[in-house]
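Since the structure comes first, as C-alpha cells, the remarks are kept for the end.
The values are calculated or read from the model by the stated rules, or taken from the named source; none is laboratory data. Predicted model, so just to flag it, every value in this text is computed and none were measured. Positions of Cβ are backbone-derived with ideal geometry, glycine not excepted, and every protein chain shown enters the neighbour counts.
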Amino acid sequence: MIALSQKTKPVITKKFVFSVLSTVVIFSQSTFAQDALLRSGDIIELRLGGVPSEEVQQVSGQYTIDGDGYVNLPHVGKIRADQATQSELQRSIESAYRSQQIYTNPSVTLTIPNTARFVNTGGEVKAPQRVPFTADLTLLGAISASGGFTEFADQKKVRLLRDGKVTIVNVRDVRKDPEKDIRLKPGDRIEVPQSFW
C-alpha cells in the first residue's frame, strides 16, 4: 500500500482521460462491426490459432465470400457466411474444424478490412462516391464525406436504399434532432433527388 501525504491529491490527466475514451470507442466500434451481417463479396481476414504453426500459415489469410454466400476454406470446404455476423461465422468455422476432426482446439479470429466495405452516395451531392464504411458512419456523415448537398438538392426527400427497401429521410429534421440520424450499414445507398422548386 502506498501512503499519501495529506497535501497529495490524485491527478487525472487529459492523457489518461483520452486513453480511457479511446479504449471505449475502439471497443464499441469493434462490437458494432461484429454485429454487422456479412454478405456476398465481403473480404474477410482469417487468423487461426491453437494449431501447429505450419497449419497456421496454410489456413490464415484473406478469403472472399462467393456469390452463393459461402467461404471456401482449406480442409473443410464451403461454409455458409452470407447473413451471418462476424462472431457467428467465427464459431461456425471453429465448429467445422472440430467436427471434422481436423483440429482439436482451433481458435479463429475474423476481421473485415475497412477498405472492403462501402456506402454509396449519388444524386445531388457535390462528390458522388463510394464512402468507406466505418462503424460510426451515419447518413449525415456519408453526405458530408461526399461534399455535402448541391444547391439543387431536395433535402426533405433523401432516399436510403437498404436490402431492397427505400426509406425517405427529411435531412432538415435530422439536423434539428441528431438522434434521428440513421446509422448506416455496408452496402447502403443514399440517393439525393433534385428539388423541383
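List of remarks:
- Among the residues of the range 91-109, those that are surrounded by 12 or more Cβ atoms within 10 Å (Cβ to Cβ) and in contact with a Gly (Cβ under 6 Å, 6 or more places away or on another chain) comprise 106, 107.
- Filter pass, residue 115 being outside any loop (DSSP other than H, G, I, E, B), modelled with pLDDT under 90 and among the polar types (S, T, N, Q): yes
- Per the listing 17, 51, the residue uniquely buried (at least 17 other Cβ atoms within 10 Å of the Cβ) and either modelled with pLDDT under 90 or assigned by TED's automatic domain parsing to the domain that holds residue 186 (or both) is 51.
Here's the yes/no breakdown for (1) buried (at least 18 other Cβ atoms within 10 Å of the Cβ); (2) under 15 Å from residue 37 (Cα atoms):
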residue: 64; (1), (2): no, yes
residue: 72; (1), (2): no, no
residue: 78; (1), (2): no, no
residue: 81; (1), (2): yes, yes
residue: 89; (1), (2): yes, yes
residue: 111; (1), (2): no, yes
residue: 119; (1), (2): yes, yes
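- For residue 196, the conditions (1) of a type in the set (A, V, I, L, M, F, W, C); (2) surrounded by fewer than 17 Cβ atoms within 10 Å (Cβ to Cβ); (3) part of a strand (DSSP E or B) are fulfilled apart from (3).
- Hits in the range 121-143 (condition: aliphatic (A, V, I, L, M) and either without any contact (Cβ under 8 Å) to a residue 12 or more places away in the chain or surrounded by 16 or more Cβ atoms within 10 Å (Cβ to Cβ) (or both)): 125, 131, 135, 137, 139, 140, 142, 143
- Tally of residues being within 15 Å of the chain's Cα centre (by Cα) and among the small types (Gly, Ala, Ser) across the range 99-134: 1
- Restricting the first member to the range 79-102 and to residues that are in a helix (DSSP H, G or I), and the second to residues that are buried (at least 17 other Cβ atoms within 10 Å of the Cβ) and of a type in the set (S, T, N, Q), the beta-carbon pairs closer than 7 Å and six or more apart or on different chains are 86/34; 87/34.
- Residue match in the range 142-151 (condition: in a loop (DSSP other than H, G, I, E, B), in contact with a helix residue (DSSP H, G or I) (Cβ under 9 Å, 6 or more places away or on another chain) and in the same structural domain as residue 122 (by TED's automatic domain parsing)): no
- Taking the listed residues 166, 174, the one that is in a strand (DSSP E or B), under 23 Å from the mean Cα position of the chain (by Cα) and more than 28 Å from residue 50 (Cβ to Cβ) is 166, with no other qualifying.
- Beta carbons closer than 6 Å, at least 6 apart along the sequence or on distinct chains, pair a first residue in the range 150-174 that is closer than 18 Å to residue 36 by Cβ with a second that is in a loop (DSSP other than H, G, I, E, B) for 162/188.
- Sole exception among (1) in contact with a Leu (Cβ under 9 Å, 6 or more places away or on another chain); (2) in the same structural domain as residue 157 (by TED's automatic domain parsing) for residue 88, by number: (2)
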